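Right, one structure below, let's go through it.
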Amino acid sequence: MAENLKYTVGGAGDSVCYDNNYVNCSTYGHLYNWSAAMGLDPSCNTTSCSGQIQSPHRGICPSGWHIPSSEDWGKLSRYVDGTTGTNAGYVSSTAGRYLKAASGWNNNGNGTDEFGFSALPGGYGGSAGSFYDVGFSGYWWSASEDVSYDAYSRYMGYDYAYWSSSNKSYLFSVRCLQD
């Protein structure tokens, strides 16, 4: 999918616009907590729900699409870098440059968008209603759970793309991968 998901889902705080401003949803898509993105019960943000995760896991993606696993994100970065391997936690020092949109990033941070991924710096939301990093970085959920309260996510900054384990109550963007 060449843009962030723009679908309203769940209850209050499950799916929001950056700074609670709808104009930001038009530009960057919605931000979701992990259980909302996965289409799971809200309790999955604080407990393990690994038994409910399918492979691939559709979550809130449209029919025929699914939430990328951590390995799916790793495959994308390895493809862009022209490398092979199976490390789901693959860190790329160049993929960000090639996957980012050619405009929309602050401080000369635009990418080349060589692969049509058009990553935009939608920032993220904290669990207490605060927002961070719009214009500077992008964060996307994966369908891969780490521990009961964390799931793996993908982060893009200026040139790099890396994975991290993030609190499931954070609000990140969602990209869907075609089945």
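At a glance:
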| read-out | value |
| --- | --- |
| Where Ser48 falls short, out of the listed (1) farther than 19 Å from Thr8 by Cα; (2) in a helix (DSSP H, G or I) | (2) |
| Filter result for Gly59 (at pLDDT below 90 and either part of a helix (DSSP H, G or I) or touching a Gly at 6+ places or on another chain (Cβ under 9 Å) (or both)) | no |
| Total residues in segment 113-166, condition crowded, with 22+ Cβ neighbours inside 10 Å, of a type in the set (A, V, I, L, M) and under 18 Å from Ser50 (Cα atoms) | 2 |
| Members of segment 16-45 that are free of Cβ contacts under 8 Å to residues at least 40 places away in the same chain, under 13 Å from Trp141 (Cα atoms) and part of a helix (DSSP H, G or I) | Ala36 |
| Subset of segment 100-126 [part of a loop (DSSP other than H, G, I, E, B) and either closer than 24 Å to His57 by Cα or of a type in the set (A, V, I, L, M, F, W, C) (or both)] | Ala101, Ala102, Trp105, Phe115, Gly116, Phe117, Ser118, Leu120, Gly122 |
| When residues of segment 138-168 are limited to those that are modelled with pLDDT under 95 and in a loop (DSSP other than H, G, I, E, B), the one farthest from the chain's Cα centre (by Cα) | Ser148 |
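The values are calculated or read from the model by the stated rules, or taken from the named source; none is laboratory data. This structure is a prediction, so every number in the text was calculated from the model and none was measured. Neighbour counts are summed over all protein chains in view; Cβ atoms, including those assigned to glycine, are modelled from backbone coordinates with ideal geometry.
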